[in-house]
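Worksheet: the structure to be examined is printed underneath.
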């Protein structure tokens, strides 16, 4: 299975205070989605146009439309801009699956570039008509270590009329990228590319310049087991899921821990005494990265996820769990559906401790916003 890590860079057109391009991404069960949207013109109008198109694209995908249908509908709708005032947006969009299958649609935008084993290849789309517009489709099979690059025409047309008659082009960009990548990390490399676009364009960006680098690598898995199942009959299924889960495993909840100890015939040992509300006790069990309390810890983890990673230490169990979240790519919550009446008592409400189901939703939203893939299974 592949995970797709993205790094982006944007430079504004000379004299503008906002970027007329918009980069959008999402990780869903159906795949990882990435898009570069280039609004017509520049400045605030282009910025609003690009954001509207990107949000419409992602909204249709999240509501169940197929990737190809969504991109074709967007391209077809742009025909209105040919004859009347209608916000026009060019775009490059990609859908990448865990199995390495990639589908890319290009509309009035530069061709994508693939790097494999140090060699860069400009991907040639297959163009066809949708409505009255022409769209390009590319299909690729990705491997671990590959890099896929999507960008706006601020990159491909850099140097137009200056250093290059027809602009840098995808090939010129690819050749420069290949030379520079040996010396720089990926973030610095994208900055260097954008700076070169400025230099060859006469010392200023003649267009908004956006690049998204998508790295293909093996994912880091993290599993969270919390809450007893809805019925005692499901305890064995819950314990079996723990044994089969890939990657690191965390158990949050004393009842959940007791179930696993019983069903898996494992011993629970105290690892660290609690130091009060901020640092609940931590235990040890074979096969688990961490074993600690349930709702109280999860509420603290949710709060910590609002902080910058650099602020988080390893002094308390909630902080250690938060760091594991930060370093994981795919996070799988295994949640028991039994209700805990204790969480509804006044002391819990007085401390602002949310119920397990509620706080898990909060955590999931924060993790998704950080680019993590999040899954839930209920027992």
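Computed from the coordinates by the stated procedures, all read-outs in this text should not be read as laboratory data. Worth saying up front: this structure is predicted, and the values here are computed from it rather than measured. Every residue, glycine among them, receives a Cβ derived from its backbone with ideal geometry; neighbour counts consider all protein chains shown.
Summarising the label geometry, the points placed 7 Å from Cα in the beta-carbon direction at residue 289 and residue 162 lie 4.6 nm from one another. Inter-part distance, region 254-272 to region 291-323, computed on C-alpha centroids, equals 21 Å.
The angle between the Cα long axis of helix 356-369 and the main principal axis of the chain comes to about 30°, on a 0 to 90 degree scale.
Residues considered: 169, 100, 64. Largest GNM mean-square fluctuation over the chain, using C-alpha springs under 10 Å, is found at 64. For a paramagnetic label modelled at 7 Å from the Cα of residue 204 toward its Cβ, which residues of region 1-44 fall within the zone defined by backbone nitrogen distances under 18 Å? Zone members listed by number: 11-20, 41-44.
Modelled this way, with points 7 Å down the Cα-to-C-beta line, the labels at residue 376 and residue 68 are 3.2 nm from one another.
Helix 67-77 and the longest principal axis of the Cα set of the chain meet at an angle near 40°. A Förster radius of 56 Å combined with the Cβ-Cβ distance from residue 182 to residue 231 puts the calculated FRET efficiency at roughly 0.45. If the segment from residue 361 to residue 273 were pulled out straight at 0.36 nm per residue, it would be longer than the present Cα-Cα gap by 28.8 nm. Region 104-121 and region 162-188 have their alpha-carbon centroids 13 Å apart. Given a Förster distance of 30 angstrom, what is the FRET efficiency for residue 171 paired with residue 30, based on the Cβ-Cβ distance and rounded to 0.05? Between residue 171 and residue 30 the formula returns 0.35. Between residue 327 and residue 255, full extension at 0.36 nm per residue minus the direct alpha carbon distance yields a gain of 23.2 nm. Against the chain, whose longest principal axis is taken from its Cα atoms, helix 254-264 shows a tilt of about 80°. Where a ≥ b ≥ c are the square roots of the eigenvalues of the C-alpha gyration tensor, would you call region 3-217 rounded, which needs a/c under 1.5, or, failing that, prolate if a/b is larger than b/c, or oblate? Here region 3-217 falls in the oblate category.
What ranking do 188-195, 231-238 get when scored by the average of other Cβ atoms within 10 Å per residue, highest first? Write down the numbers at each step before the final one.
On the way: 188-195: 18.4, 231-238: 14.0.
Ranked from most to least packed, the peptides come out as 188-195, 231-238.
The simple Förster model, with R0 at 30 Å and r as the Cβ-Cβ distance, assigns residue 119 and residue 55 a FRET efficiency of 0.25. Convex hull volume of the Cα atoms of the chain, normalised per residue: 170 Å³.
Beyond 21 Å, what percent of the Cα pairs of region 221-378 remain?
Numbers: 5181 of 12403 pairs.
Considering region 221-378, 42 percent of its Cα-Cα pairs are separated by more than 21 Å.
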